[in-house]
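The values are calculated or read from the model by the stated rules, or taken from the named source; none is laboratory data. Small disclaimer: the values here were computed from a predicted structure and weren't measured. Positions of Cβ are backbone-derived with ideal geometry, glycine not excepted, and every protein chain shown enters the neighbour counts. Remember, those area values only see protein heavy atoms, side chains included, never the ligands or the DNA or RNA. Shrake-Rupley method; radii C 1.70, N 1.55, O 1.52, S 1.80 Å.
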Amino acid sequence: MDCSSDESCINKDEALHLKIAGIAAILVSSLLGVAIPLVFKSFNRTRVFFAGQCFAAGVILSTGFVHILPDAFAALTNPCLSEHPWEKFPFPGFIAMTTSMLVLFVDSMALGYYTRREGETSSMGDHADHPHHVHAHPSNDHSAEVSKVHDSQELEASAGSPTTTIKNKVVAQVLEFGILAHSVIIGIAMGTSNSPCTIRPLVGALVFHQFFEGLALGGCISLGSFKVVSKLLMALFFTITTPGGIGIGMIISSRYNENDPKALIVEGVFDSMSAGILIYMALVDLLASHFMSKEFLQQSWRHYSLGYLFLVLGAGAMSVIAIWA
């Protein structure tokens, strides 16, 4: 089999113009998506933001299942790879599964560690505040009011507790890693292509999902209580990774062969890892942690419907884009 790069619709000049326009468009959409939750913090508490977050979670879920995982299977089952071991075992699914379990391990270990630390700190604080263990016995009328105030204070404290903060930080960092790993691969693929027929729909797809991935990532970063410099760096890396990948692809395009076995293995492994990370993050950290939360379960059916509607719309819209890119 001829494993040299074979593209129809070749037009290097038009492809170059599309790549330059694509870099600019993707930069703007990525920056807008990640900046909105970081700049407009009050926006994070609005219903519009809630709908946007659900839509973005649907986009990320569809990106993992419909876009990245099939690309990983296509790369690692390519006829240009040797039959052994690539055709004898479903490596993309195995790598995605293993990566998901690894993310779960990191998630649970980090939360367990900081939960234990928080418990030890609280225990020491309680002992210092109440050295003689004196117990007051308020009247029944007053005790109900005290209980309500105490419950309210506990809810407020849990929202900003160290464990919750660490959880949000881990979510933001792992989600960004998963997005960046795929962004580099897809950027290089676009940068090395000289086919306007391939690049044109890819630019539209990337502009769309970079904005909504940025919205989801920006929301996670804003909840993670990062320092300002860390927030800026995370936003910057997200914004420039795909355009940077396109630039790298443009530089190496003259000697890059997309059907080279080494390139296929690297692409397939990274795509499999990205798919595992994004699917886990979308289902567990973005959707389950929100849709199964006590706050969400106490909401009205209208709130339920709004969340599920935009989740389905996000996943559906990103799935439809797979027809073209």
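Test Ile185 against the criterion of being outside any loop (DSSP other than H, G, I, E, B), modelled with pLDDT under 90 and either under 18 Å from His67 (Cα atoms) or of a type in the set (Ser, Thr, Tyr) (or both), and give yes or no.
Spelling it out, Ile185 is indeed outside any loop (DSSP other than H, G, I, E, B), modelled with pLDDT under 90 and either under 18 Å from His67 (Cα atoms) or of a type in the set (Ser, Thr, Tyr) (or both).
Just to be sure, is Ala56 surrounded by 15 or more Cβ atoms within 10 Å (Cβ to Cβ) and at pLDDT below 90?
yes
Out of the residues in segment 213-225 that are more than 18 Å from Ile240 (Cβ to Cβ) and more than 10 Å from the chain's Cα centre (by Cα), state the one that is surrounded by the most Cβ atoms within 10 Å (Cβ to Cβ).
Taking the candidates together, the pick is Gly219.
Looking only at helices (runs of 4 or more DSSP H) that fall completely inside segment 234-325, which ones have 2 or more residues that are open to solvent by 50 Å² or more (accessible area, probe 1.4 Å) and farther than 24 Å from Ala57 by Cβ?
261-280
Given the structure, is Met190 open to solvent by less than 10 Å² (accessible area, probe 1.4 Å), at pLDDT 90 or above and of a type outside the set (S, T, N, Q)?
Considered against the rule, which asks whether it is open to solvent by less than 10 Å² (accessible area, probe 1.4 Å), at pLDDT 90 or above and of a type outside the set (S, T, N, Q), Met190 comes out as yes.
Can you say whether Phe65 is within 22 Å of Ser30 (Cα to Cα), open to solvent by 60 Å² or more (accessible area, probe 1.4 Å) and in a helix (DSSP H, G or I), as far as the supplied structure shows?
yes
Before we move on, is Gly178 under 17 Å from the mean Cα position of the chain (by Cα), assigned to a helix (DSSP H, G or I), closer than 20 Å to Ser319 by Cβ and not hydrophobic (A, V, I, L, M, F, W, C)?
yes
Collect the residues in segment 17-45 that are among the β-branched types (Val, Ile, Thr) and either open to solvent by 50 Å² or more (accessible area, probe 1.4 Å) or in contact with a Pro (Cβ under 8 Å, 6 or more places away or on another chain) (or both), keeping them in residue-number order.
Of everything in segment 17-45, those that are among the β-branched types (Val, Ile, Thr) and either open to solvent by 50 Å² or more (accessible area, probe 1.4 Å) or in contact with a Pro (Cβ under 8 Å, 6 or more places away or on another chain) (or both) turn out to be Ile20, Ile23, Ile26, Val28, Val39.
Matching residues to (1) in a helix (DSSP H, G or I); (2) more than 28 Å from Ile252 (Cβ to Cβ); (3) not small (Gly, Ala, Ser):
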position	(1), (2), (3)
Lys19	yes, no, yes
Gly22	yes, no, no
Val28	yes, no, yes
Val48	yes, yes, yes
Ala57	yes, yes, no
